[in-house]
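The next block holds one structure in the form of structure tokens; read it before the comments.
The values are calculated or read from the model by the stated rules, or taken from the named source; none is laboratory data. In this text the structure is predicted, and so the values were computed from the model without any measurement. Cβ sites come from the backbone with ideal geometry, for glycine too, and all protein chains shown count toward neighbours. These accessible areas exclude ligands, DNA and RNA; they are computed on the full protein's heavy atoms, side chains included. Shrake-Rupley method; radii C 1.70, N 1.55, O 1.52, S 1.80 Å.
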Amino acid sequence: MRKSLKFLLLLLIASVVTVLVLVQSFKNLAEKNREQVHQELQRFLGKDATFDRLEASLWGGVGFSAEEFRIADNPRFAATPIVRAKELKLGVSLMQLVLGRIVINSLTFQAPEFQIITDERGLLNLSELAVRKNDSRAFPTLRTASPERKLLSVSFLVSKIKVNNGRVDFIDRSVKEPAEIRVKNVEMEVRGLNPAEKTRIKLAAAVTEGLGHDVRIDGELGPLRQPHDWWQQPVELEMRFDSLSATLLARALPFLRNRIPRELDVTGPLSLQAKLGGTFNRPRLTEVALKVPLFGSSNYNAILEGSVEIPEGRPWAEAQLKGSLILNSINLTQLRNLPFLKQTLPVALATEGSVNAYSRFEGTWANLRMGALVKGEKSEFRYGDWLRKPAGSSAELKAQISRQKNGLVLHDSELSLGNSKMTLSGVVEEGPEPRLQLKLRSNSSHLPTWWRLISPLSFYGVGGTIHWNIELQKNLASADGWNIRGKLNLADAEFRHKTTGRKIDHLNADIAFLGTEALLEKGSFRLGSSLIAVAAKVPDLTQPSARYQLRSPEVHLIDLQTFPAGKPNRIRNVTANGEIRWQDDAPSLKGALSSSEGNLEDIPYRELQADVTWSPKGISFKNLSLQAFDGVLHADGYWPAGVDPAQRFTLKSQSESIQLGSLLKQKFPQLKNRLEGQVNFRGQFDAATQNGSIVAETLQGSGENVIHHGTIRDFNLIAKIIPGGGGDSGSFRLPASLAVLVDRPYTPFDTLKANFKVGGQRIRTDDLLLVTPDYTITGSGWVGFDRTTQWNGLLVFSPRITQELLHEYKLIRYLLDRRGRLSISFRAEGKFPNVNVRPENRAVAQVFRRSFPQKAGEPAVGGKSTEKNERKNWLPESLEQLLKQ
């Protein structure tokens, strides 16, 4: 044990002595060769390398310490040094030191600052530094001593370079907006600077503020190829960037400059991993994995993987690209803001939700080939009020794309929407006037698979077939819309309405697209039992409207789901033209309608003309005119459909010279043959409807009615007021003209006029006027829908009838009005045709009875007695009865 301790003690003492001897030897050599070390350092790093003080250093290893070390930059780039370090430590080989030589084998930069600048011409200051020192090699290499230099005791055989806590400022002035990038916390170690062997490099740094090390590079350089520049030397590096700025990436890779649109909104950091091989002049990037948060996402929703190989001496645009791109949950609203899509997609196309995309690509930037799969199940598309793809329904695009010299080519690709499929192809031509051309083709396929894309979803039970071949073109440099050409065919299509169950079937149509408009010719369909031929023109494909022409031999109005079932509303030889629109998921039709004949509400007519607006909610008409009942009818109104919510029927009508007898026979058969004449009528009505029929209890309205040259049959109002008849009646009688009025079984008149109001199931008037040559009747009252009636009236005999009565009965003069006419008020009530008419002159009769008290049976005598009898019998029995009532 003692021997071992002695041996260790002797070994320790020997080691200390050896170290002291080496240190002392190094101090002696350093003192003698300090100037030579200075010269060799400048020869190694260039004459622009300077420092404040060079001293021997034992801290951290035997060597030299150059304090405040710096290398001046070319003034054309900057006035500040290209390299500045707090300390440059030159490590010395101990083995060579034992032999009495100072061999610098390592360089360590403490807290250095590197300034890398690219000027406006694209020249790099590092390249200029290499030119200034007449050395084209990028990295220090072993210097072989010549016979003349063997006697020197100082030499540089650097095999290791190290950077501690460094900083790199990169300034790029070659772009329009100069970029400044600062890399901090640089820790780098380079080993094995032997030109015949590979050099190992390891780098860690921080690009993002606040992070320790988010950049790591590990790999090998060399072996050195003589005589080549530094950018032609072999390189094999593994790179990892955990927090990389998109701006930094775009500026570092020239082929990406100006190709990352701002609309991508890459605000978060990128993650990049790659292997760099080849040379800096001909780099090869493999195992590239770039992760990007697009459109302000907090997650990596774009992942690019692949490889890039740049041909030697070729531009970056000719790099060979190969890889895949995955996009997850890309917001469509933000995606369509990209310049290309913004000028391509129509304004009427609205997008919401997100899509996922998967693609593989290969080739150069100028000749790129790509296959893509886009899934949009979570997305929603709407094209105006025409088309709609709802969220939740499957949508998939399988595309084959290649880039050619003058643009992009979309080869035959497949678009699937649910079970619907169609083929797409096209081209994007670049140039002063870029142009997009897209072809859409679909073989004969079932219409129901496409119908769910149509915005008006109030139909179901769709059937039939559809196919199209359409070409779309757009000048991307112009604000003009799409130019669409081609044809679409519908065969035996069928549509059934959800609410009413009514359907359109046997729809056949050929639609030709002619630029910005579309044309339908020789179309036909069946609506219920109505066969209709149609031609239409869409003047602007961006608007959901069309001009149309319809023809039909006969249209049943109940097929329009508007008029009540059971009514024979049929219009024949129909022609119509106007405009049809889609709004709020429903069609509406507006236009001019004509029909030579038909039936409306059981009324035969001829020459119907009207301006009509139709929708599933109802039908409105203006300026309607038709010939019926030997006259002309005019009307404006609205007839609601028999659907909820309930709406009110409205009608504003006017008639001229209508034959009242024909009208009553058709519309009021219980009154047929009871009233005749020519009717002029004005009225305005409204009522609630139920199941397409008018609810009588809700009918309201007002109007004016005039009947000329009419007759009330089986009813004599004069006979109701004045009982009895003509001829002798004892010793008294009616005048002949009045007897004729009382005896006939009807009531003729010249004019029957009234302003009326309808409400409470009654027709009321306060100004009824009936005019005949022999008398005039005025009155006020009402007639109920149940034929009950009640009136207060005034009968005024004409002057001729009054004079005849006055001639027979002198004392009637006491009953005359100021105009010398006999007036009798009356009251009428009852139910047609049994109406009770009761005069109301009882007070007047009592006055006359008091004036002439004699009885009618007293014998006639001469003188005063005869005069008394004459006075007593001055009125016939019929009038006496009238006065007694």
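Would you calculate the separation in nanometres between label points at His807 and Gln659, each defined as 7 Å from the Cα along the Cα-to-beta-carbon direction?
Result for the modelled spin labels: 4.0 nm.
Kirkwood hydrodynamic radius (Cα pairs, Å) of segment 507-559?
By the Kirkwood definition, the hydrodynamic radius is 11.9 Å.
Can you tell me the length gained on complete extension of the stretch Glu236 to Ser545, counting 0.36 nm per residue apart and subtracting the Cα distance?
Between Glu236 and Ser545, full extension yields 104.7 nm more.
For segment 360-370, take each phi angle, set θ = phi - 60°, evaluate the Karplus expression 6.51 cos²θ - 1.76 cosθ + 1.60, and give the result in whole Hz per residue in order, putting x for glycine and proline.
10, 9, 6, x, 9, 4, 7, 9, 8, 10, 9
How many nm separate the modelled label positions at Glu396 and Leu816, each set 7 Å beyond the Cα in the direction of the Cβ?
Those two pseudo-labels are separated by 10.7 nm.
Taking amide H atoms as placed 1.01 Å from N in the peptide plane, list the residues 5 or more away in sequence, or in a different chain, whose amide H sits under 5 Å from that of Leu294.
So Leu294 has HN proximity to Asn301, Ala302.
At what distance in nm do the modelled label points of Leu368 and Asp265 sit from each other, each positioned 7 Å from its Cα along Cα→Cβ?
Each label point lies 7 Å from its Cα, and together they span 2.3 nm.
Would you rank Lys398, Lys184 by solvent-accessible area, highest first, keeping every protein chain in place and using a 1.4 Å probe?
Heavy-atom accessible area, descending, gives Lys398, Lys184.
What ranking of Leu519, Leu507 comes out by heavy-atom accessible area, probe 1.4 Å, highest first?
I get Leu519, Leu507, largest accessible area first.
Cross-link candidates for Lys665: which aspartates and glutamates have Cα within less than 14 Å, leaving aside residues fewer than 8 places away along the same chain?
Glu601, Asp602, Asp630, Glu676
Could you sort Phe64, Phe621 by their accessible area in this structure, using a 1.4 Å probe and putting the largest first?
Largest accessible area first, the residues go Phe621, Phe64.
Which value, in Å² and to the nearest 10, is the accessible area of Leu550 when all protein chains are kept and the probe is 1.4 Å?
Using a 1.4 Å probe on the heavy atoms, I get roughly 40 Å².
Around Ser596, what is the net charge, scoring Lys/Arg as +1 and Asp/Glu as -1 over all other residues with Cβ under 10 Å from its Cβ?
Every neighbour counted, the sum reads 0.
Can you figure out the FRET efficiency of Ser596 with Tyr746, using R₀ = 41 Å and their beta-carbon distance, to the nearest 0.05?
Approximately 0.65, to the nearest 0.05.
If amide H atoms are built 1.01 Å from N in the plane of the peptide, which residues on other chains or at least 5 residues away come under 5 Å of the amide H of Leu476?
Arg435, Leu436
Non-local amide H neighbours of Ser57 (under 5 Å, H modeled in plane, Pro and chain starts lacking H): which ones?
So Ser57 has HN proximity to Gly63, Phe64, Ser65.
Could you compute how much accessible surface Phe241 exposes when probed at 1.4 Å, giving the result in Å² to the nearest 10?
40
Give, in whole angstrom and from largest to smallest, the semi-axes √(5λ) of the equivalent ellipsoid of segment 747-822, with λ running over the eigenvalues of the Cα gyration tensor.
Computed over segment 747-822, the values are 31, 12, 10 Å.
Rounded to whole Hz and in sequence order, give me ³J(HN,Hα) for segment 107-115 from the Karplus expression 6.51 cos²θ - 1.76 cosθ + 1.60, θ = phi - 60°, writing x for Gly and Pro.
10, 10, 9, 9, 6, x, 10, 9, 10
Can you work out the FRET efficiency for the pair Glu180 and Ala289, with r the C-beta to C-beta distance and R0 = 22 Å, to the nearest 0.05?
Once the sixth-power term is evaluated, E becomes 0.20.
Say the cut-off is 20 Å between C-alpha atoms; which of Lys421/Lys487; Lys291/Lys342; Lys537/Lys622; Lys86/Lys184 go over it?
Lys291/Lys342; Lys537/Lys622
Indicate the gyration tensor shape class of segment 484-538 (rounded, prolate or oblate), computed on the Cα atoms with a ≥ b ≥ c the square roots of the eigenvalues: a/c under 1.5 is rounded; otherwise a/b larger than b/c is prolate and the rest oblate.
Because a/c hits 1.5 or more and a/b exceeds b/c, segment 484-538 counts as prolate.
His506 accessible area, nearest 10 Å², 1.4 Å probe?
Accessible area of His506: about 90 Å².
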